[in-house]
Amino acid sequence: MSAAGLQERSHRMDQFSILMMIFLTVTWGLNAVAGKIAVAGFNPVFLSFLRAALAMVAVYVWCRYRTIRIFERDGSLLSGCLVGLLFGVEFLLIYWGLDLTSASRANLMINTMPLFTLIGGHYILKERVSWLKFFAMIVAFIGVFFVFFDKLSMTGPDAVLGDLLCILAGAAWALTALTIRATKVGMVAPEKVLLYQLAGAAIVALPFLPAPAELLRDPGV
């Protein structure tokens with residue numbers, strides 16, 4: 001498909017697309033809950049690595065089954081590596097953050113991503129942003145900061161640090177989306193883009209993996 005075709009498709013939102021986005025939003029919310037449960041028994045970096053590695057294998061098998069070409073030269077390697085790096089940093093920050101704060105607070109902080117995307121789209125992609133949309137996003141972002149004053153939902157003294165890590169994860173998520181949109185990697189098959197991200201997440205996590213004896217945690221901790 002041509003770049004113009006991709007651009008046209010990306011601006012259309014039919015009923016199926018809306019339902020899929022709602023479904024994805026639900027799964028993202030449950031993902032934070034599952035991650036919070038998992039970090040109670042496993043090292044967070046190990047979880048980030050394992051998630052990426054298993055998903056990468058599954059996507060690769062899918063590509064082989066569908067005969068999707070993922071190794072052909074298309075000029076997306078450099079931008080794909082950048083996308084993988086940003087995606088890897090994002091999930092390291094998410095799992096580190098979940099280790100310190102609650103799943104509900106983490107979800108709120110991660111979903112500051114639209115504001116970062118809005119700002120980045122204005123300055124990087126030169127996408128026009130109306131004052132009404134910008135004002136609405138600022139109001140939503142200010143609401144996030146009220147969470148810092150909610151002592152009842154704090155899981156401990158390190159919860160604020162976990163919140164900040166998740167905000168940074170939201171910024172990394174926005175940069176990932178902007179990079180895909182602004183570079184050649186956005187013109188390749190979605191499966192290849194996903195493989196760039198998963199491979200990057202696995203590689204980024206490798207230097208931070210603990211010793212094998214520290215992968216599992218004491219359930220009593």
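For residue 42, the amide hydrogen comes within under 5 Å of the amide hydrogens of 217, counting only partners 5 or more places away or on other chains and with H modelled in the peptide plane. Amide H contacts of residue 102: 155, each under 5 Å away and 5 or more positions distant or on a separate chain (H built 1.01 Å from N in the peptide plane; Pro and chain starts excluded).
Carbon-plus-sulfur accessible fraction, the chain (probe radius 1.4 Å, protein heavy atoms only): 72%.
Remark: spin-label model distance residue 73-residue 26 equals 4.6 nm, labels positioned 7 Å along the Cα→Cβ axis. Rolling a 1.4 angstrom probe over the protein heavy atoms with all chains in place gives the stretch 18-64 an accessible area of 60 Å² per residue. Converting phi to 3J(HN,Hα) with the Karplus coefficients 6.51, -1.76 and 1.60 and the offset θ = phi - 60°, the stretch 179-193 yields 5, 4, 5, 9, 10, 5, 5, x, 9, 9, 4, x, 5, 5, 4 Hz in sequence order, with x at every glycine or proline. For the stretch 63-135, applying the loop criterion from DSSP together with a ceiling of 15 other beta carbons within 10 Å to the chymotrypsin sites (Phe, Trp or Tyr not before Pro) yields 71. Applied to the stretch 55-67, the Karplus parametrisation 6.51 cos²θ - 1.76 cosθ + 1.60 on θ = phi - 60° returns per-residue 3J(HN,Hα) values of 5, 4, 4, 5, 5, 5, 4, 4, 5, 5, 5, 8, 6 Hz, with x for Gly and Pro.
Taken along the Cα-to-beta-carbon direction at a fixed 7 Å, the label points for residue 203 and residue 55 span 1.7 nm.
Net charge within 15 Å of residue 192 by Cβ-Cβ distance, Lys/Arg positive one each and Asp/Glu negative one each, not counting residue 192 itself?
+2
About its Cα centre, the chain has a charge dipole of approximately 600 debye under the convention of +1 per Lys or Arg Cβ and -1 per Asp or Glu Cβ, with nothing else charged. Note on volume of the Cα convex hull per residue in Å³: of the candidates [x] 128; [y] 120; [z] 148, the value calculated from this structure sits at [z].
For the stretch 41-84, the set of trypsin sites (Lys or Arg not before Pro) satisfying both a DSSP loop assignment and a count of at most 15 other C-beta atoms within 10 Å is given as 66, 69, 73.
Per-residue ellipticity at 222 nm computed for the chain from its helices equals -22500 deg cm²/dmol, with DSSP H segments shorter than 4 residues left out and the rest contributing -39,500 (n - 2.57). Across the stretch 75-86, computed HN-Hα scalar couplings (Karplus, 6.51 cos²θ - 1.76 cosθ + 1.60, θ = phi - 60°) run x, 9, 4, 5, 5, x, 5, 5, 4, x, 5, 5 Hz from first to last residue, x flagging Gly and Pro.
The values are calculated or read from the model by the stated rules, or taken from the named source; none is laboratory data. In this text the structure is predicted, and so the values were computed from the model without any measurement. Here the Cβ is made from the backbone with ideal geometry for all residues, glycine too, and neighbour counts use every protein chain on show. Note: areas computed on protein heavy atoms with side chains; ligands, DNA, RNA excluded. Shrake-Rupley method; radii C 1.70, N 1.55, O 1.52, S 1.80 Å.
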